[in-house]
Amino acid sequence: MAARSKSAEKLSPLKVATFLMRPLSLMPLAPLQPLLAAALAVMRRQHPAVFERLDELGEPLFVIDPIDLPFIFAMRPAGLRPSLLAQREIDTDQATAIIRGPLPMLIDLLEGRLDGDALFFSRELSVEGDTEAVLVLRNAVDSDEINLFEDVLAILGPLAGPLRFAAEARNAVVTGWNAAR
Amino acid sequence: MNKSLTAKKLELVCPAGTPASLRAAVDAGADTVYLGFRDETNARNFPGLNFSRRELADGVAYAHDHNAKVLVAINTFPKAGDPEAWHQAVRDAEACGADAVILADIGLLAYTVEHHPKLRRHLSVQASASNKEAIRFYAREFDVKRVVLPRVLTVEEIAALNDNIPVETEVFVFGGLCVMAEGRCSLSSYVTGQSPNMNGVCSPASHVRYEEVGDQLVSKLGEFTINSFGEDEAAGYPTLCKGRFSVEGSVSYLFEDPTSLNAITMLDALMKAGVTALKIEGRQRGRAYVTQVVSAFRQAVDAASRGEAMPDLDMSLLTEGGQDTTGAYQKTWR
């Protein structure tokens, strides 16, 4: 048994999207910002208990640095003006904490498929800054069953149905393919 | 008193730091889940962790719907002259339908006996009751039904205890390995000013820093460097008992290496020693840890109860420092 479970290896639509996002190194990040803002708003609506646990932090700035993407996420999940922005660079002195790792791993961590302590022990996940704030964030996101794909679908309204159907069909094909190998 | 003659299936007692972890533990096959409130009344008072009263009530309902039990740890020692938060925790645990409370302080035990006599009482490992006289005292005076044994006893010592005490025993089988006299350790208190036993925090995160220095990962607790890990070396928690120190020019671990307890290969021996329940440590860990460890131990306990060989279950990637140990169960202490 491994910390990275079989379900974690499943190719989710979000991971495909991650792959497709790589060319963004050549593109402006502005088109991403409204999507990220909407994603954060949906997350706050779908998982209020998660954000309630973050309240004790005031207005922290978490820098999420997916090492396989050409930009970082600057996240202020709590306080009066929560925000999630994609940025090319940031003054890390302003950050409460910096969390660094490959994007698929960070997503698996967010969705509770991987254990943060195990990733830290194995040095796959790197953390700098306020350890207590990181712990609050980790415990908060782990307190509810977050499914990023479903949350993203919630933004899309009437488009969610066809996209879910396409994703399920694609997963069925991948599952069949893997079983046949 | 010899319960080892009537060995039955071991009860699997699993950690939950959050509602999602409780559901994960139950879904993975926990017989029982233990948890604490979001305050200093329990020994895992970590930021962002633990249960509100409403979350506890919902968790109890979920567990009971799936034939699992819920134990509430109220296992720190009340503040001198102000035990109300601890009394309130006992009242709320009973009101929320908890199956038992896990207590350490004799005052809180006495309060619970007097005001909540129907609420089942377990003795926390924090009471550090490790001999038959101590355990008999708690059984006689406070009618505790179960004692959680400290992680410093051998299997033979556990068997001898079980032959001489009138209560069930619960032993740790996986997770963080506290090697000190639990409930009495002040190592972390000296450095941080906060006590594991009073405030519920050993090496509180507010005092922990990890720094990248060259290719080394340096862990610090307060002003003290606890360890320095090389690039290819697995990291550990910044606890003083597992720190690496320089003494007279020689660098080594003084008390214990960064490692986790794993007694999955010893279930048969523990069953024969008369143990009632197996405890998995890790309320501070994520639900992925809970799912994987509980699933593995569910398989192992079921195999042991059928007298079958232990399945091959590798949990090394979940362990502190990437290593595990059978601890005092088989260990000769330095």
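The values are calculated or read from the model by the stated rules, or taken from the named source; none is laboratory data. The structure displayed is predicted, hence computed values, not measured ones. Here the Cβ is made from the backbone with ideal geometry for all residues, glycine too, and neighbour counts use every protein chain on show.
Which of the residues spanning the stretch B:203-221 are part of a strand (DSSP E or B), surrounded by 17 or more Cβ atoms within 10 Å (Cβ to Cβ) and more than 8 Å from chain A (Cβ to nearest Cβ)? Within the stretch B:203-221, B:219, B:220, B:221 qualify. The test for being in a helix (DSSP H, G or I), at pLDDT below 80 and under 30 Å from residue B:285 (Cβ atoms) holds for residue A:152. Every listed requirement among (1) surrounded by fewer than 20 Cβ atoms within 10 Å (Cβ to Cβ); (2) on the phi < 0 side of the Ramachandran plot is met by residue B:248 save one, (2).
Look at the stretch B:57-80 and say how many of its residues are in a loop (DSSP other than H, G, I, E, B) and at pLDDT 95 or above. Give the derivation first.
Filtering the stretch B:57-80 for residues in a loop (DSSP other than H, G, I, E, B) gives B:66-68, B:75-78, B:80.
Pick out the ones that are also at pLDDT 95 or above and you get B:66-68, B:75-78.
Within the stretch B:57-80, residues that are in a loop (DSSP other than H, G, I, E, B) and at pLDDT 95 or above number 7.
Filter the stretch B:264-292 down to residues that are under 14 Å from the mean Cα position of the chain (by Cα) and within 11 Å of chain A (Cβ to nearest Cβ) and give me whichever is surrounded by the fewest Cβ atoms within 10 Å (Cβ to Cβ). First the steps, then the outcome.
Of the stretch B:264-292, the ones under 14 Å from the mean Cα position of the chain (by Cα) are B:277-285, B:290.
Now narrow it down to the ones that are within 11 Å of chain A (Cβ to nearest Cβ): B:282-285, B:290.
Numbers: B:282: 24, B:283: 25, B:284: 20, B:285: 24, B:290: 32.
Among them, the one singled out is B:284.
For the stretch A:110-149, which positions are in a loop (DSSP other than H, G, I, E, B), at the interface with another protein chain (Cβ under 7 Å from one of its Cβ atoms) and among the polar types (S, T, N, Q)? Working first, answer last.
The initial filter retains those residues of the stretch A:110-149 that are in a loop (DSSP other than H, G, I, E, B), namely A:111-115, A:122-125, A:130, A:143-147.
Those left that are additionally at the interface with another protein chain (Cβ under 7 Å from one of its Cβ atoms): A:112-115, A:122-123, A:143-145.
If the condition is that a residue be in a loop (DSSP other than H, G, I, E, B), at the interface with another protein chain (Cβ under 7 Å from one of its Cβ atoms) and among the polar types (S, T, N, Q), then A:122, A:143 are the ones that fit.
Could you say whether any residue in the stretch A:41-48 is assigned to a loop (DSSP other than H, G, I, E, B), at pLDDT 90 or above, within 12 Å of chain B (Cβ to nearest Cβ) and closer than 21 Å to residue A:146 by Cα? Yes: one or more hits.
Among residues belonging to the stretch B:29-68 that are hydroxyl-bearing (Ser, Thr, Tyr) and under 28 Å from residue A:134 (Cα atoms), point out the one that is surrounded by the most Cβ atoms within 10 Å (Cβ to Cβ). Spell out the reasoning first.
Initial filter on the stretch B:29-68 (hydroxyl-bearing (Ser, Thr, Tyr)): B:32, B:34, B:41, B:52, B:62.
Filter again for under 28 Å from residue A:134 (Cα atoms), leaving B:34, B:41, B:52.
Details: B:34: 29, B:41: 27, B:52: 15.
Within the stretch B:29-68, the match that is surrounded by the most Cβ atoms within 10 Å (Cβ to Cβ) is B:34.
The residues on offer are A:76, A:53, and the sole one that is basic (Lys, Arg), closer than 26 Å to residue B:55 by Cα and within 16 Å of the chain's Cα centre (by Cα) is A:76. Total residues in the stretch B:303-320 satisfying the condition of being crowded, with 19+ Cβ neighbours inside 10 Å and more than 9 Å from chain A (Cβ to nearest Cβ): the figure is 1.
Could you check the stretch B:61-94 and list, in sequence order, the residues that are of a type in the set (A, V, I, L, M, F, W, C), under 22 Å from residue B:112 (Cα atoms) and out of contact with any Asp or Glu (no Cβ under 8 Å at 6 or more places or on another chain)? Explain how you work it out, then say what you get.
Just the residues of the stretch B:61-94 that are of a type in the set (A, V, I, L, M, F, W, C), to begin with: B:61, B:63, B:68, B:70-74, B:77, B:80, B:85-86, B:89-90, B:93.
Then drop every residue that is not under 22 Å from residue B:112 (Cα atoms), which leaves B:70-74, B:77, B:80, B:85-86, B:89-90, B:93.
Of everything in the stretch B:61-94, those that are of a type in the set (A, V, I, L, M, F, W, C), under 22 Å from residue B:112 (Cα atoms) and out of contact with any Asp or Glu (no Cβ under 8 Å at 6 or more places or on another chain) turn out to be B:72, B:73, B:74, B:80, B:90, B:93.
Scanning the stretch B:204-230 for residues that are closer than 16 Å to residue B:242 by Cα and either hydroxyl-bearing (Ser, Thr, Tyr) or modelled with pLDDT under 90 (or both) yields B:210, B:219, B:225, B:228.
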